[in-house]
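K.L.:
Here it is, the structure in full.
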Amino acid sequence: SAVISQKPSRDICQRGTSLTIQCQVDSQVTMMFWYRQQPGQSLTLIATANQGSEATYESGFVIDKFPISRPNLTFSTLTVSNMSPEDSSIYLCSAVRITGYKTEAFFGQGTRLTVV
Amino acid sequence: KQEVTQIPAALSVPEGENLVLNCSFTDSAIYNLQWFRQDPGKGLTSLLLIQSSQREQTSGRLNASLDKSSGRSTLYIAASQPGDSATYLCAVSGGGADGLTFGKGTHLIIQP
C-alpha cells in the first residue's frame, strides 16, 4: 500500500482568500488525483495531477479556481482560490499505483475546509 | 458518463448478522472496481480491489463479487461487529490512468 499525508487536516478560512493543500506520498506512484466531497455527498473527481505539466481537469472544474502542481512523483498541491462558502468541503488526495495488471487507489485523510 | 448507484443508502442491523451491500454501474466497460470504507471525519480505507477480469476477492470477513456484464458488485460482510460501522463506498475506474467514479455510499450501523 501507499501512505498519503495531507496538510492541513482542517482549516477555517475567510471568503475571498486562498488555501493550498499539500499531499505527500511515501513512495513513488503512477498517478495522483484530487477529489472533493461536499457535505452529505460522495466524492467527485476534480483533476488528475500530472507530473511536470498542467493538470487535467474534469468538467465543472477550472485551473483558475483549483490550480494544481505536481513537481515530482510523490508530491502534489491543490489550491482553492478566491474561496466562497460553497467551497466548504473535504478535499482528498489520491495516489494510484500500477503494478503489472493491477491498479489500486489509495487516499489521504482529507482536508476539511470551512469557508466563512 | 459512468454512474454508480449503491443500495441501500443506510442500514442498521444487530451485531452478528451477515450483510450484503449492493453497487451497480451503468457502463460495464470498467477497468476495476474498488470498495472503500470511510469513517466519520476520516479519509478512505481501501477494502477490496477487483480487476475487471476477476469475479471476486476476499479479505477476512469481507467478500466482494463482480458481475461486469450486468454492471453489479456486492460486498458481503460476515458476522458483523460494531467496529464495522462506517460508510462503505463503491468506486469504478474506466482505465488504469483514470480517476474513480464513486457511488454515494451505504451508511452502515452495527448495533451492539
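Each value in this text was obtained by applying a stated rule to the coordinates, not by laboratory testing. Keep in mind the model is a prediction, meaning the values are calculated, not measured. When we count neighbours, we look across all protein chains shown, and the Cβ atoms used for this are built from the backbone with ideal geometry, even at glycine.
K.L.:
Calculate the dipole size of region A:1-102 relative to its Cα centre from +1 charges on Lys and Arg beta carbons and -1 charges on Asp and Glu beta carbons; express the result in debye to the nearest 20.
P.N.:
220
K.L.:
Taking each residue in A:91-97, count the Cβ atoms of any other chain within 10 Å of its Cβ, then average. What number comes out? Show your work: numbers first, answer last.
P.N.:
Details: counts 0, 3, 1, 4, 0, 6, 0.
The mean count of partner-chain Cβ atoms within 10 Å per residue comes to 2.
K.L.:
How many nm is it between the label spots at residue A:84 and residue B:45, if each spot is 7 Å from the Cα in line with the beta carbon?
P.N.:
3.8
K.L.:
Calculate, in nm to one decimal, what residue B:56 and residue B:2 gain on full extension: separation in residues at 0.36 nm each, minus their alpha carbon distance.
P.N.:
In short, 17.3 nm is gained.
K.L.:
Taking the alpha-carbon distance from residue A:102 and a cut-off under 29 Å, which lysines remain once sequence neighbours fewer than 8 residues away in the same chain are dropped?
P.N.:
Output for residue A:102: A:7, B:1, B:42, B:68, B:104.
K.L.:
Are there cysteines in the protein assembly as shown with no second cysteine's Cβ under 4.7 Å away, and if so, which?
P.N.:
So, A:13.
K.L.:
Sticking with this one: Per residue of A:106-112, what is the mean number of Cβ atoms on other protein chains within 10 angstrom of that residue's Cβ?
P.N.:
4
K.L.:
On average, how many beta carbons from a partner chain sit within 10 Å of the beta carbon of a residue in A:34-42? Write out the running numbers ahead of the final one.
P.N.:
Working: counts 1, 4, 0, 5, 0, 0, 1, 3, 12.
Per residue, the number of nearby Cβ atoms from other chains is 3 on average.
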